[in-house]
Amino acid sequence: MTSKDVALAVGVSRTAVSLVLNNRADGEIDPVKQELIRQTAAELGYVPNAAAVNLQRQSTATIGLITDEIASAPFAGQLIDGATTAAMQAGFMILTIDTAFHDDYIAGAVETLRARDVDGIIFAAASVRELELPPSAYALPLVLANAIDSGGRAQCFVPDDRGGERAAARLALEAGHTRICFITGDDDARATTERRLGFKAELAAAGLPEAAMSIRAGAYSMRSHHEVALDLLAGPDRPTAILCANDRGASGVVLAAAQLGLSVPEDLSVIGFDDEQFFASDFTPGLTTIGLPHREMGDAAARSLLETIGASANQQSPAVITIPCNVVERRSLAGPPAHLRLARK
């Protein structure tokens, strides 16, 4: 059905139909006639021609989203959900391309989206990393989510990993722990560096000496944390709380504790990181953890991009903007066993 069919059915001009269906008829067309046009359009199943609308407003109302693995990642899909919700509320849709960690596909993905006349592009990563973007990416409004533009030319939204680890250490301290160990993730990850700094800063602020800041190198895996925890917990001065690089790692620590006859949280408190969907809450015991703000990053990135698209010129100031992580308290954290408590000096 076309606007001509609606006009014929009502007995008005196509211009009148266009004014009503584009909400520009007030003061031009009688309200009763306006309602009749809307009802007739609905009954006939009239849908505006998207190409014609886009041509008129010089916009396709679409955003391109290029990811490395988010579409298949176990929990980072919330980033897409946050971006999609913000876009839909503004009347935009999102076209997603997943490069499956082939960075050499990025230039082709940009050209594919530009060929479809998207109004802007979001680059998103499953885990925080620097991206070297092709020059063509900057031809459109551009933002990054969970990633950093190595060229320093775009707004980037990343999680506050340092603040998140400070919050994890604070949870353990407030529960009364003074024997606290942090098992890190992969050494080459930006998140590992930020979280190590956060852990040290929080324990220093609490007045604990650097010697009390037990940090053990690990990786973002269950096996790595399991091996490190077996060594930690078998010693005479075992920690009463272990902070983990991620929730999978935390599960490895819980398994190591059980293997040594220790209960969580009665003998050992465990804190994860990520709040991995369908895992952290369902694990036994439920993991106290720090939630990565994927949904919030997606929402913030999309809203920032939409503001730029709606402006007469690109008004973004290149910056790395941190989004706070969320504290999620469950059952894997409690106070230290009475016989292992140390007085804080």
**Q.** For the range 122-171: relative contact order, % (alpha-carbon pairs under 8 angstrom, 6 or more apart)
**A.** 33
**Q.** Cα long-axis angle, helix 77-89 against the chain (0 to 90 degrees, to the nearest 10)
**A.** 30
Q. Can you give the angle from 0 to 90° between the axis of helix 222-233 and the longest principal axis of the chain, with both taken from C-alpha atoms, to the nearest 10?
A. 30
(Q) In whole Hz and in residue order, list the ³J(HN,Hα) couplings for the range 92-103 that follow from phi through the Karplus curve 6.51 cos²θ - 1.76 cosθ + 1.60, θ = phi - 60°; x for Gly and Pro. (A) 10, 10, 10, 9, 10, 10, 9, 8, 6, 6, 9, 4
Q: Compare 226, 177, 102 by solvent-accessible area with a 1.4 Å probe and give them largest first, with all protein chains kept in place.
A: 102, 226, 177
Q.
Nearest 5 percent is fine: what portion of the DSSP beta bridges confined to the chain is antiparallel?
A. 10
Q. Length gain on complete extension for the stretch residue 227 to residue 317, per 0.36 nm per residue less the alpha carbon to alpha carbon distance?
A. 27.9 nm
Q | Phi-based couplings in Hz for the range 128-141 (Karplus 6.51, -1.76, 1.60; Gly and Pro marked x) | A | 4, 7, 7, 10, 9, 9, x, x, 5, 5, 7, 6, 10, x
Q: Among the chymotrypsin sites (Phe, Trp or Tyr not before Pro) in the range 190-288, which ones are in a DSSP loop with at most 12 other Cβ atoms within 10 Å of the Cβ? Mind listing them?
A: 278
Q: Determine the gain in length on full extension of the stretch residue 1-residue 307; use 0.36 nm per residue of separation and subtract their C-alpha separation, reporting nm with one decimal.
A: 106.7 nm
Q.
In whole percent, and with a 1.4 Å probe on the protein chains, what portion of the accessible area of the chain is carbon and sulfur?
A. 50
Q) GNM on the chain, C-alpha springs below 10 Å: top fluctuator among 211, 87, 201? A) 211
Q. So for the pair residue 114, residue 206, with labels modelled 7 Å out along Cα→Cβ, what separation do we get in nm?
A. 5.2
Q: Kindly provide the GluC sites (Glu not before Pro) of the range 11-44 that DSSP labels as loop, not H, G, I, E or B, and whose Cβ sees at most 15 other Cβ atoms within 10 Å.
A: 28
Q | Crossing angle, helix 190-205 versus the chain [Cα axis fit, 0-90 degrees, rounded to tens] | A | 50
Q: Quickly estimate the mean residue ellipticity at 222 nm for the chain, helices only: each DSSP H run with n ≥ 4 gives -39500 (n - 2.57), and the total goes over all residues, rounded to 500.
A: -12000 deg cm²/dmol
Q: In whole Hz, with x marking every Gly and Pro, tabulate ³J(HN,Hα) for the range 264-271 from phi via Karplus 6.51 cos²θ - 1.76 cosθ + 1.60, θ = phi - 60°.
A: 10, x, 4, 9, 8, 9, 10, 10
Q) If you average the sequence gap of Cα pairs under 8 Å that are 6 or more apart and divide by the length of the chain, what percent do you get for the contact order? A) 18
Q.
Which order do you get for 193, 184 if you rank them by accessible area with a 1.4 Å probe, largest at the top?
A. 193, 184
Q | Cβ-based net charge around residue 301, under 13 Å, with every Lys or Arg adding one and every Asp or Glu removing one | A | -3
Q) Loop-only check: which GluC sites (Glu not before Pro) in the range 91-153 are DSSP coil with at most 10 other Cβ within 10 angstrom? A) 132
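The values are calculated or read from the model by the stated rules, or taken from the named source; none is laboratory data. Note that the structure is a prediction, hence the values are computed from the model and not measured. Virtual Cβ from ideal backbone geometry, glycine too; neighbours counted across all protein chains shown. Surface areas here come from the heavy atoms of the whole protein model, side chains and all, with no ligands, DNA or RNA. Shrake-Rupley method; radii C 1.70, N 1.55, O 1.52, S 1.80 Å.
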